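Worksheet: one structure, shown below.
Derivation of every value follows stated rules applied to the coordinates shown; laboratory data play no part. Values in this document were obtained by computation on a predicted structure and should not be read as measured data. Here Cβ is always computed from backbone atoms with ideal geometry, including for glycine, and neighbour counts include all displayed protein chains.
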């Protein structure tokens, strides 16, 4: 039997942790949510989940949920990367940003916690893998190069890798999908493939984008990886079943969820806020071709 | 301005509706949940969501959630098809089965509500589409032929369609995946394709199974639809991006969610329980070949 921890001493039965999921239709979140649920139950808390659409205001939803459910702590699963102190003021309980950070924001780092991958660094690793396979004309499919969010960070990592390999970035190879959904990515990638622009590889900032692009290329009569290589970040379950299997940097989805709960329960027991960066694992599928 | 409805008169601010999602990693549920959330908000209720694993006990989870959150009503999103009166006794508030029915159970139909497709009838329609395309050797990929659940219902619909077309069912063409996950379906479908059994089409009882089978066939060097046709029921978003696009009977996912909330709020306002069957829509993708 483990000793009663500090956490058990301060917690009363029925204490509740809230999770606000922004973009509930994103298949990336499902295993993270499952891991959070299990960890919250194991820690003896009850759980309140609120799911909102990708464009909605997670802080307002979190503040409402916190009041309605008298929460002790909050996990934000997906959200903006540019919170100000004023933005988070309505959240008067400890919170953890899970799968994202506040890289473009101004909230003091000791006022909240986070657990995520290092988006810029992992994107650099992804694109470096492509340059090491001999690719020099590498397109990027993203939401936007200047969204002060995940897309901008991964774009910066893309630029880092190009610089490292001595490749001049070509603005012609930027594909901004904007809507952040598969239909938009499909359309933009298809139009790009038909434009005649010269490229040999596509870095998609998310698996869903990569899967949509693979379909768009196929529908234009192009083959993966013979005509174009495709690589992305995330490693959702479905990416194991694309044809060919998607080559991806796989996020530690369950670990992200478990760590978020661990940090939050530590903070609720009096610990300090902290920021954890987890690493991805390269899964070599069949979508990247060596051309060197 | 609409008149105040009976619902508004009996409801007090903060009244809460609960949703227990069984099998939260099933991508089919995401748009249903989103529709439920929107409809619950529009109806002026608050929402409590509890997600459990596919094999877990949704009734126990629902009873706990109901007590913890003092719910007025419940939506079960996914669950067993064989409730007895004793099974549901712990649920002392009105509930709606959403996306499933109680076809194998004994609960009186006026004691609960449901909204779903007619699984047996839709499976019959699906397989009839295959027989009309000239297929007579049709395999079925399912959970189990006797699970007293969705798999057994859709299997019966498969048998109905074969009987209609004068085709003797062949036990050799039953593929029981059992685990009800993509990894299991991939493995069983691959082994089946390698077994040398003669068939021209596969009816998968869910899109996720179909996508896993397409991958398994591809990995054995087989082509869809040249070597085998594939058809399924569900129409998840991802099935638009398979290569080729999956031919599927598409469930009205958002409507299932909206109807569940409408029925429940009507019952909470004093209305009688009711059972609604919605229809699927055939989406012709590229996975079924005419061979007649």
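Summary table
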{"item": "Relative packing of peptides A:229-237, A:99-107, A:272-280 - highest average C-beta neighbours within 10 Å first", "result": "A:229-237, A:99-107, A:272-280"}
{"item": "Helix-only [θ]222 nm of chain A, DSSP H runs n ≥ 4, -39500 (n - 2.57) each, per residue, nearest 500", "result": "-11000 deg cm²/dmol"}
{"item": "Part-to-part distance (alpha-carbon centres) for the stretch B:208-234 and the stretch A:141-169, which is given in Å", "result": "36"}
{"item": "Cβ-vector label at 7 Å, residue A:195, separations to other copies in nm", "result": "5.0"}
{"item": "Position residue B:84, label points 7 Å along Cα→Cβ, spacing to each other copy in nm (shortest first, one decimal)", "result": "6.3"}
{"item": "Pair residue B:82, residue A:284: separation of 7 Å Cα→Cβ label points (nm)", "result": "4.8"}
{"item": "Label-point separation in nm, residue A:292 to residue B:220, each point 7 Å along Cα→Cβ", "result": "4.0"}
{"item": "Using alpha-carbon coordinates, inclination of helix A:119-132 to the longest axis of chain A, degrees", "result": "30"}
{"item": "Degrees separating the helix A:207-219 axis from the principal Cα axis of chain A, which is the longest one", "result": "30"}
{"item": "Residue mean of other protein chain beta carbons inside 10 Å, A:24-31", "result": "4"}
{"item": "Shielding of A:241-252 by partner chains, average beta-carbon count, 10 Å", "result": "3"}
{"item": "Share antiparallel - DSSP beta bridges, chain A, percent rounded to 5", "result": "5"}
{"item": "Nearest 10 degrees, 0 to 90: helix A:58-69 Cα axis against chain A principal axis", "result": "30"}
{"item": "Pair residue B:163, residue A:111: separation of 7 Å Cα→Cβ label points (nm)", "result": "6.9"}
{"item": "Share, in percent, of DSSP beta bridges within the protein assembly as shown that are antiparallel, nearest 5", "result": "10"}
{"item": "Cα gyration tensor category, rounded, prolate or oblate, for the stretch B:119-250 with a/c compared to 1.5", "result": "rounded"}
{"item": "Cβ-vector label at 7 Å, residue B:137, separations to other copies in nm", "result": "4.6"}
